[in-house]
Each structure stands twice: as C-alpha cells, then as structure tokens.
1. Suppose R0 equals 25 Å. What FRET efficiency, 1/(1 + (r/R0)^6) with r the Cβ-Cβ distance, do M317 and N44 give to the nearest 0.05?
2. Which whole-number value in Å² is the accessible area per residue of segment 108-262, probe 1.4 Å?
3. What Kirkwood hydrodynamic radius do you get for segment 7-118 when you take the inverse of the mean 1/r over all pairs of distinct Cα atoms, in Å?
4. Counting pairwise Cα distances across segment 186-254, what percent come out greater than 19 angstrom?
5. Report the Stokes-Einstein translational diffusion coefficient (µm² s⁻¹, integer) for the chain, Rh taken as the Kirkwood radius over Cα pairs, at 25 °C with viscosity 0.890 mPa s.
6. Work through the residues other than A292 whose Cβ is under 15 Å from its Cβ and net out their charges, Lys, Arg +1 and Asp, Glu -1.
7. Say each of D280 and L210 gets a label point 7 Å from the Cα, pointing the same way as Cα to Cβ; how far apart are those two points in nm?
8. Determine the calculated [θ] at 222 nm for the chain from helices alone, applying -39500 (n - 2.57) to every DSSP H run no shorter than 4 residues and normalising by the residue count; nearest 500 deg cm²/dmol.
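The values are calculated or read from the model by the stated rules, or taken from the named source; none is laboratory data. Everything quoted here is computed from the prediction, not taken from an experiment. Glycine also receives a Cβ, built like all others from the backbone with ideal geometry; neighbour counts cover every protein chain displayed. The area values use the complete protein model at the heavy-atom level, side chains included, leaving out ligands, DNA and RNA. Shrake-Rupley method; radii C 1.70, N 1.55, O 1.52, S 1.80 Å.
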Amino acid sequence: MELAWYALLGLFFATYLVLGGYDYGVGLLLARGSTGPARRAALNAVGPFFLGNEVWLVAAVGILFGAFPTLEGELLSGTYPAVLGALAGVVLVTAGVQLRGRPRSAAARAGWDRVVVAGSVLAALGWGALLGALLQGVPAGHGNATGFGHLFTPFVAAAALALLALVAVHGATFLTLRLPAADVPSVARLARGLVPAALTAVATATVLGLLSDRVRAAVGRPAVAVLLPLALVAALLVARAALRRGRAGVAFAASSAALALPAPLVGAALWPRVLVSTVDPAASLTVADAAASGPTLALLGWLALPLVPALLGFQAMCWWVFRGRTDGRAPVYW
C-alpha cells in the first residue's frame, strides 16, 4: 500500500513540475527585454492553464501530509530554506500574474513583471535544490536537523541551476505551441539556444554528483541515478532537433519528459529509503517507516479514487478548450 502512495506522490509532483514548469519558464522569459505587448502575449498564452497547474502541487502536498506524515516533518526540517524559497516563488508568480493587469501605468505593470520573474527564479531554484538535497541526504536523525549548511554545496547549487535551465527551455518550447505563428520562429530560436545551457547545467550537476561522497553514499541504486542525466540529455537533444524541424508538439513532449523524469528517478535511486541521513545512516527513513498506518492509507485511498480522475479530466478539458494558438490557428504537433 505504501509503495502505491509513494508512486502516486512521485506522479503528482512530476506532473506539477511539467505543468508548473512551463508557467515558471514563461515567467523567466519575461526578463529577456521584450516589449510590453510581447510580455502580455506570453502571459496570455499561459493564462488559461495557470491556476489549474498549481492544483497538482496542492494535491502532492496533501499526499505528503496525509500518507507520509513522518517524511513531511523530516523533509521540512532538513530542507526548509529550499522548500520555503520554492513556495515563496509560487506565491510571487501567482500574485504577479493576477495583479499585473490591474495597474494602468506601464511602470506598474513592469514592476509586476519583475515580481513574476523573481518568483519564477525562486520556484525553479527551490524545487531543484530540494531534489538535489534528497539525492545528497540531510544531516538529520528523526527530527534532529543540524542546520542548513548542507544545502549550500556545489552539487545542490548545480542541481538547482539545472532545473532552472530545464524550466527555461520548457517555457520557451511551450510558447512555440501557443503564440501566433508569426512569433514562433524567434521563440523557437530562443528555445534552441537555451538547450546548450541546459545540457551544460545537467553535465555540471552530474560531474559534481559523481565527485560528491555524500551523493554516492546516499544513492542506493547507482544505475538509476546515472540513468537520470542520460535521459535528460536525450530529451533535450530530441527537443532541439524537433524545434529545428518545426515540430512543436514533439519538442514540447520532450521538454515535458525532461521535467517529469527527475522526481520518479530520484525516488527510484533512493529506494527503499526515501530520506537519507548523513549523520546516522541507521536513522534514514525508508518508505515503510515514513508511511502512515495501513488503515489510514486505505481510507485515503477511497478519498483519492474520485480525485485522480477529476484532476486528469480537468486538465484534459483545459487543454482541449484552449488548444491551439492564441490567434486561433492550430500548431504543427508532429
């Protein structure tokens, strides 16, 4: 039962990274010096999906609190700055997008654009640092964290920057599906230009992970851990090739895979542990240790039965209703 909930937690968080990832990617692109109408067009492209995408984060947090209460306490105590930064970024992006259209002055709108950019950076860096910290382990022993210096390591910083780069590629690729056809060539060039930066960031994080004693000690399945950067590189190369050929749907599917892969592969690399203690390996949490009792998981299962189809149906409905470009034309998917 706990394995099913662990898989569901990974699925929900991975889905959030894919859907929220293009929100934050579009937010990052507001910093590239585009004009006010161009920024408005980018936000209009993501607007219909924005709030619905964040529902997956709420659902993932609900699973964490309900199905894995012990993990929730240990995770927050060991990675508090990363989680706080990510959630602060989510709040800033939401506030910036919602309030941007209210001021009439261009200066005020530009100020909210900067809020969106800052929030997007914080969210991407925070979630990347969280994934890096999980792979590295935390100095905790069932509730006793020893500060947050373990988060400020080269590997965690590289993991955070790698996710930031992946989010930027994902956001630009999303815009090739949604912006008017006349704007697509410039956005596609931008997305292709971001891919080498993302490849460099992934390679840097990989090298630092291989050199880190903490990462090697925390990872229980090295073959799975090595699979992660290989899969990310493959997805990014496919996305770049598809963008060059004008296949926006293939490129978006590839960038989506790049953001969906980290959560489940990190979980699989740590299995059967879910949180590794670098202070006392015996105090590391396994999935079974972190899970709630059997009756609690069974009760939550009955609550989740209608929730998952409802979320999937809502997401499918949003994509169907708002399919195509903002000028009403259909994109080239394949």
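1. 0.85
2. 39 Å²
3. When all Cα pairs of segment 7-118 are included, the Kirkwood radius is 15.2 Å.
4. The proportion of pairs with Cα distances above 19 Å equals 42 percent.
5. Value of D from the Cα-based Kirkwood radius: 121 µm²/s.
6. Around A292, the surrounding residues sum to -4.
7. 3.5 nm
8. One gets -26000 deg cm²/dmol as the mean residue ellipticity at 222 nm.
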